[in-house]
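Written out below as structure tokens is the structure these notes cover.
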Amino acid sequence: MKHHIIGAEQFVEEEGQGAPVILLHGFPLDHRMWASQVQALAANYRVITPDLRGMGQSDVPVTNISINQYADDILTLMDKMDIQKAALGGFSMGGYVAFALLRKAPSRFTSLILANTRPEADGAEARKNRMNMAVSLYDKGAAAAKDAMLPKLLTEQTRKDQPGLVESLSLVMESMAAEGLVHASLAMAFREDATDLLSTISVPTLVIAGEHDAIAPPDVMKKMADQISGSSFQVIPAASHLTPMENPEAFNALLIEFLKSATA
């Protein structure tokens, strides 16, 4: 379903009924990465999985965009969908958007799930890598992001054991508009540091890391969790960066238990 947000159409999938749960995808993916979580939660929750502007089926921006703009889009979407408060989950880049949302409108979120994400802004080297990614997206299309990201998203073992998962992920990533991914790369490169925000988070928070995640390593995420008062920190074994898809059973079990206690 598409909703008109400021200057664009944004695609969002909605399943189930109950307390709303908004799940924000990572780069270079879209709402489809959450399919298994939607299935697990829809019996008890209203699960909302948007495509961020420029990704999936949402319109590609015509002017440059920031992480704050993605956050504003989500707040606009909540208003359009008549959602006053929701549980909020963010994976990787979606986590950066979640931080921006908590900075802008903390009272609208009842609980927080941070999966495979980190609070620090990019340093010069990371920014340069994102610039190089933007250039190669123009040269090679969305395949540039797929080639760079796929080995980091899943462990070698998973890539060997689950060719079907690799295949469907490849299709999702190759279906992206290259320019939408350019916008996302630049938005991430110049995002605000969220470290100072951590101590202000007062809602129940679940932090999920992947044992072999090189993008958001468990020790970095543990340090982040330690700065969020009362948060729960969990590591999913034998998983790399894309924990919700690589080990959905373990991920969903944590999610269901957390939402149950957070909404109790």
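The values are calculated or read from the model by the stated rules, or taken from the named source; none is laboratory data. Remember, predicted model here, so these are calculated numbers, not experimental data. Methodologically, a virtual Cβ is constructed for each residue, glycine included, from the backbone with ideal geometry; neighbour enumeration extends over all protein chains shown. All accessible areas refer to the heavy atoms of the entire protein, side chains included, with ligands and DNA or RNA removed. Shrake-Rupley method; radii C 1.70, N 1.55, O 1.52, S 1.80 Å.
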**Prompt:** What's the carbon and sulfur percent of region 175-247's accessible surface, probe 1.4 angstrom, rounded to a whole number?
**Reply:** 55 percent
**Fill in**
With every protein chain kept in place and a 1.4 Å probe, the chain has an accessible area per residue in Å² of 42 Å²
**Request:** Could you tell me what percent of the accessible area of region 1-140 is made up of carbon and sulfur, with a 1.4 Å probe and every protein chain present?
**Result:** 49 percent
**Message:** Given axes a ≥ b ≥ c from the Cα gyration tensor, I'd like to know whether region 79-137 is rounded (a/c under 1.5), prolate (a/b larger than b/c) or oblate.
**Reply:** prolate
**Complete:** The relative contact order of region 92-195, taking Cα pairs under 8 Å that sit 6 or more residues apart, comes to a percentage of 41 percent
**Prompt:** Using a ≥ b ≥ c from the Cα gyration tensor of the chain (square roots of the eigenvalues), is it rounded, prolate or oblate, where a/c under 1.5 gives rounded and otherwise the larger of a/b and b/c decides, a/b for prolate?
**Reply:** rounded
**Prompt:** Which residue, Gln157, Gln227, Gln17, has the most motion in a Gaussian network model of the chain that connects Cα atoms within less than 10 Å?
**Reply:** Gln157
**Message:** For the chain, what does the helix formula give at 222 nm: sum of -39500 (n - 2.57) over DSSP H segments with n ≥ 4, over the residue count, nearest 500 deg cm²/dmol?
**Reply:** -13500 deg cm²/dmol
**Asked** Within the set Lys80/Lys104; Lys85/Lys260; Lys85/Lys146, which residue pairs have Cα atoms separated by over 24 Å?
**Response** Lys85/Lys146
**Item:** Between region 201-234 and region 58-93, the alpha-carbon center distance in angstrom
**Value:** 22 Å
**Request:** Please compute the net charge surrounding Thr49, taking Lys and Arg as +1 and Asp and Glu as -1 over other residues with Cβ under 12 Å from its Cβ.
**Result:** -3
